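Reading through the C-alpha cells given below for one structure.
Read-outs throughout are calculated quantities, based only on the coordinates presented, and are distinct from any laboratory measurement. What you see is a predicted model; the values in this text were computed from it and never measured. A quick note on method: Cβ atoms are made from the backbone with ideal geometry, for glycine too, and the neighbour counts reach across all protein chains shown.
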Amino acid sequence: MKLGIPAIATGDMFRNISKKDSKFGQEIMKYIKNGELVPDAIVINVLRKRLSRDDCRRGFILDGYPRTIKQAKVLEGLAEINAIILLQVPEWIVIERLSSRRICRTCGEVYNIRFLRPKKKGTCDKCGGVLYQRIDDSPKVIGERLTIYEKNMEPLLAFYNGKVPFIKYSSNSIDTPPGVAVAEILQGLKKLKLS
Ligand code: AMP
C-alpha cells in the first residue's frame, strides 16, 4: 500500500466470489473460466458496494475496471477520476508473461516461473504459501481475454481522452522487474500531485 489507499482489483473480487459454493459463485466462475466479461449489471453492483466502504473515502486505485463504456459511465457518477494508468506492452510479452505467471494462494504475491522465480519452487518467498496458476492463464483463455481487451480498449481510451490525464508506461522488454514500472508510475502520479 504505497499510497495509503486501497487497490481494488475487480478480478480478485470475482475470483473470491467464484470460490464460494453458491449459485452466484458458480455463475461467476463460468465467465472467468472462459475468459468472458462478467455482465455489467453484476460488475457494477459489486463495485458500487466496494466503493461505499469507509477505506475508499480518501481515494482508491481500480485495477481491471472499467472494461466497458457502461462501466465507465457508472464510475463517473460514483467518484472523480484523477488519472488513468495505461500499461503498454506488446501482445507477445503479455502472452508469455501470463502463461508463466504464478500467484500465492495465501497473500496474493505474484511470481513468474520464467522471469521472477520464487526461491523455493511452488512456494511464496513472503509467506510460505502455495503458488498456483490461474484457471484463465491457459493459452486458449488468454487468447480469448486478449480479443475482448482489443475490442473494448479503443472506445474506452476515446471515452477518457482529453477528460482525464494519462500516465503511460511502455515496455518492450519481457523481463522488466515490476519495481521499474512502479517507480515510473509513482513519478507520473507525483507530477500530477497525486502522491
Ligand atoms: P482480471 O483479474 O482483471 O484479469 O479479471 C479476471 C476475470 O474477471 C475477467 O476475465 C472477467 O471474467 C472478470 N472481470 C474482472 N473485472 C471485470 C470487469 N470490470 N468487467 C467484467 N468482467 C470482469
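Summary of computed values
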read-out: In region 133-195, the GluC sites (Glu not before Pro) that fall in loop regions by DSSP, at most 12 other Cβ within 10 Å; value: none
read-out: Qualifying trypsin sites (Lys or Arg not before Pro) for region 95-195 [loop in DSSP, other Cβ within 10 Å: at most 16]; value: Arg105, Arg114, Lys119, Lys120, Lys121, Lys126, Arg134, Lys163, Lys193
read-out: For region 121-132, Karplus couplings with θ = phi - 60° (6.51, -1.76, 1.60), whole Hz, Gly/Pro x; value: 3, x, 10, 6, 4, 7, 10, x, x, 7, 8, 9
read-out: 222 nm mean residue ellipticity, helices alone, for the chain (DSSP H n ≥ 4; -39,500 (n - 2.57); rounded to 500); value: -14500 deg cm²/dmol
read-out: Note, ³J(HN,Hα) from phi for region 78-83, Karplus 6.51, -1.76, 1.60, rounded to Hz, x at Gly and Pro; value: 9, 7, 8, 9, 8, 7
read-out: Charge context of Pro66, other residues only, Cβ under 12 angstrom, K/R +1, D/E -1; value: 0
read-out: Paramagnetic reach from Ala183 (point 7 Å along Cα→Cβ, amide N under 17 Å) across region 88-111; value: none
read-out: Within the chain, percent of DSSP bridges classed antiparallel, to nearest 5; value: 45 percent
read-out: Region 115-151 versus region 61-92: alpha-carbon centroid distance in Å; value: 22 Å
read-out: Placed amide H near Thr176: partners under 5 Å, 5+ positions off or other chain; value: none
read-out: Hits among lysines - C-alpha to C-alpha of Lys190 under 25 Å, sequence gap 8 or more where chains match; value: Lys2, Lys163, Lys168
read-out: Nonlocal amide H pairs with Ile61, under 5 Å, H built at 1.01 Å; value: Ala7, Ile8
read-out: Under Karplus coefficients 6.51, -1.76 and 1.60, residue-wise ³J(HN,Hα) of region 86-102 in Hz, glycine/proline x; value: 10, 9, 10, 9, x, 4, 4, 5, 4, 4, 4, 6, 5, 6, 10, 7, 9
read-out: Placed amide H near Ile84: partners under 5 Å, 5+ positions off or other chain; value: Phe166, Ile167
